[in-house]
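Working notes for the structure below.
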Amino acid sequence: MPTHPPRSLSRVVDDLGSTLLDLVHGDADQVPEIGGVAIHDPHDEQQYPPHAIVLAPGVRGIDQIEQALRALAAQQAAALVVRGPVEDEPGLVQAAEQSGIALLALTPGASWAQLAAMLRTLLAEGDIGEESGNTLGGVPSGDLFALANAVATLLDAPITIEDRRQRILAFSGRQDEADSSRVATILARQVPDGYVRILESRGVFKEIYRSEDPVKIDPATISEGETAIPRVAIAVRAGDEILGSMWAAVREPLTTARENAFKEAAKLVALHMLRVRAGADAENRLRADLVATALEGGAGAAEALGRLGLAGEPVLVMALGLAHRPDEDHAQLTADRQRLASALAVHLTAVQPRSAVALLGETAYALLPVPGDPTRGRDRAVQVGADFLQRTGERAGAVIAVGSVAGEPAALARSRTNADRALRVLFNSRTDLQVASIADLYTDALLLEMKDLAAANRDELTGPLALLAAYDAKHNAHLVETLRAWLEAFGDIITASASVFVHPNTFRYRIRRVAEVGQIDLQDPAARFAAMLQLRLLGPHNGIGARADGADPDAVPAG
C-alpha cells in the first residue's frame, strides 16, 4: 500500500512511474496535493488550476521544454510531462530548478489519452463537494490503485484489475517484473488482442467466470521468441454479477496461504468496484443537480458554483443540441445525446479542467469559466465548440450555442436563456453554422421570437403587403416575390431580377406595379423596413412569395 497522500505527486510517481512515467528532474515529495490535470498548448493562452500536472504532447526538444517550464512557473504548475526519452542537459536542469516544476517523461509508445485517464482516475479529480473519507478493508473507498498495490504486497507479484472487456481499471507497481505483454497491457490500458485470442481459444475466461477459486493460466507464446509468464486470475463478483477480474503475474505457483489471500482480496475488490460504480452514478446525478441549480441563477446558484469549483469568477453557458433525423428512433437519439454529452465533458476537461457538463432533458449544458476579457472568453468558447464538433463530425445534426458571460451567479439564468436562443437559431434558421454565440445570432433570435409572438396573436398581413398578396392571389402577378427580391438586393435591379429569373425590364415594370398596387413609397426607409419585417415574420406562415404556375398578366416584353 502506498504511504503517500492520495493526491500527491509522489503518489503519481509511485503508482505510474515504473511503467508510464520517469521522473527526470525535481522532487515529487515537494508537491503534497495535485490540483488537477491539464493539457498544454504552446500556441494558446490557457489557465490551469494551481499545482496541476500539465501534459505537453506538442512540446519537443530541450528548447521547447525549457520554454514550457518558464511559462508554467507563472501558472504555479506542479509538474510537466513530455514525451520521453529526455536528454539530460545542464540548461534543462537549471530551467527545472528555477521554475520549481517537476519534469516527467512519458514512456515511448504510451498514449497521452490513456495517461490523462489514468491520472484522473488516480487523483479522483471528478469528486464533487466533500470527500467521504470512508475506507473498505483499510483502503480508501473506491481507490483501486491502492488496493492493487496492497494485493501485490500480499502476493509478492504485480497485479492488474480489469473489467469484463479486459480494460485495465487499476494496476500495482512492479509491472516491469512481468513480461512484455503485461507492459503492453498497461501502456494501452487494454489487454493486447493477440493475448486475448490465445486465452479465449483456451477457454480461460469461461473458466475464470465459472470458478470461485483462482485459476492458473499456463505460459502463452504470443509471438516467436516471446512467451508470457504464468498468470493467476480470479473473477470479481457481486452476488451473481461478474464485475471483472484480478490478475497476478507469477513466476512460481502461489502458496495455499497466498491463494486464500487472493480469493479474499477479490471480495474486497468487488466492494471497491461497486463503490466506484455507485459513486460515478451518484456523482453524475449530483453534478447534474448542481449544474441545474446554477443555471437557475437563484439563491442556490452561488453555493452550487462553489461546489463545482467555479465560484468567484465569470462563467458562460454552452448548450449542445442534437437534431432529430426522421429515420432515427427515440432510443438511438437519447443514446447519441448521452454519448456526445460525455465526450463534451472529456473535451472541456482537457481544455479547462474546472468546467462542468450535465445533460438536462434534450440539451447538454456546460459551465465554462471565462478568465480575463469576456469577449475573448466568448470567442474562445466558440472555437472550443468548433474543435469538439470537428472531432466528432461523424454525427450530423450536432450544434453548439454559446451564451453570454455571467459575471455573477444571478446572471447565469440569462446566459442559459441566451444559449437556448442561439441554439434554436442554429436548428431553425442558420443551417450553414454549427457553432455560434448569441452575440453572432442576436438578430436572428429576436426575429424568431417575434415570429412566435405574431403566430400567438394570429397576426395577418396588413397595409401594402396585404394589398400585394391579394392582387397576386387574383392575378398570379408575383408582386410579393418581386418586392422581396428587390429588398434583399438593396434595390439592385440586375441582381434582383436574376434571383427570380426574369428580364430586368420585366422586373422594373413589376416594381412600378408594386408601388402602384401596394400604395407604398419605396423611397421611404420606414416603408421599406416595415415591408421587409412583415415578409420575415409573416411571409412563411402564409405561403406568400412562393412561385406560382401560369402567366403574369402584368408582364411586359423583354425588349
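The values are calculated or read from the model by the stated rules, or taken from the named source; none is laboratory data. Not measured: the values here are computed from a predicted model. Methodologically, a virtual Cβ is constructed for each residue, glycine included, from the backbone with ideal geometry; neighbour enumeration extends over all protein chains shown.
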Looking at Glu241, is it acidic (Asp, Glu), more than 20 Å from Leu147 (Cβ to Cβ), exposed (fewer than 13 other Cβ atoms within 10 Å of the Cβ) and at pLDDT below 85? no
Every listed condition ((1) exposed (fewer than 13 other Cβ atoms within 10 Å of the Cβ); (2) farther than 22 Å from Leu169 by Cβ) holds for Asn260 save (1)
Of those in the stretch 416-447 that are in contact with a helix residue (DSSP H, G or I) (Cβ under 7 Å, 6 or more places away or on another chain) and farther than 27 Å from Pro314 by Cβ, the residue modelled with the lowest pLDDT is Ser429
Restricting attention to the stretch 483-496, the residues that are modelled with pLDDT under 90 and hydroxyl-bearing (Ser, Thr, Tyr) number exactly 0
Within the stretch 81-95, the residues that are touching a helix residue (DSSP H, G or I) at 6+ places or on another chain (Cβ under 6 Å) and buried (at least 18 other Cβ atoms within 10 Å of the Cβ) are Val82, Leu92, Ala95
Residues of the stretch 408-421 being surrounded by fewer than 15 Cβ atoms within 10 Å (Cβ to Cβ) and either part of a helix (DSSP H, G or I) or in contact (Cβ under 8 Å) with a residue 12 or more places away in the chain (or both), in sequence order, are Ala410
*May I ask you to verify whether Val480 is surrounded by 15 or more Cβ atoms within 10 Å (Cβ to Cβ), of a type in the set (Val, Ile, Thr), in a helix (DSSP H, G or I) and touching a residue at least 60 places away in the same chain (Cβ under 8 Å)?*
yes
Residue check: is Leu368 in a strand (DSSP E or B), closer than 14 Å to Val405 by Cβ and either hydrophobic (A, V, I, L, M, F, W, C) or at pLDDT 90 or above (or both)?
yes
Practice task
Tell me, please, whether a residue that is β-branched (Val, Ile, Thr), more than 25 Å from Val269 (Cβ to Cβ) and modelled with pLDDT of 75 or more can be found in the stretch 86-100.
Solution key: yes
Over the stretch 425-440, the set of residues farther than 30 Å from Gly306 by Cα and in contact with a strand residue (DSSP E or B) (Cβ under 8 Å, 6 or more places away or on another chain) is Val425, Leu426, Phe427, Arg430, Leu433, Gln434
Of the listed residues (Thr375, Thr392, Thr349), the one being under 9 Å from the mean Cα position of the chain (by Cα) and polar (S, T, N, Q) is Thr349
**Asked** Residue check: is Leu115 under 28 Å from the mean Cα position of the chain (by Cα), modelled with pLDDT under 80, under 10 Å from Ile53 (Cβ atoms) and in the same structural domain as Val37 (by TED's automatic domain parsing)?
**Response** yes
For the structure I just gave you, tell me whether Arg424 is more than 29 Å from Pro525 (Cα to Cα) and free of Cβ contacts under 8 Å to residues at least 40 places away in the same chain. yes
Among Ala485, Ala469, Ala445, the single one that is free of Cβ contacts under 8 Å to residues at least 40 places away in the same chain, of a type outside the set (Val, Ile, Thr) and not assigned by TED's automatic domain parsing to the domain that holds Gly397 is Ala485
Would it be correct to say that Ala302 is assigned by TED's automatic domain parsing to the domain that holds Leu423 and buried (at least 20 other Cβ atoms within 10 Å of the Cβ)?
no
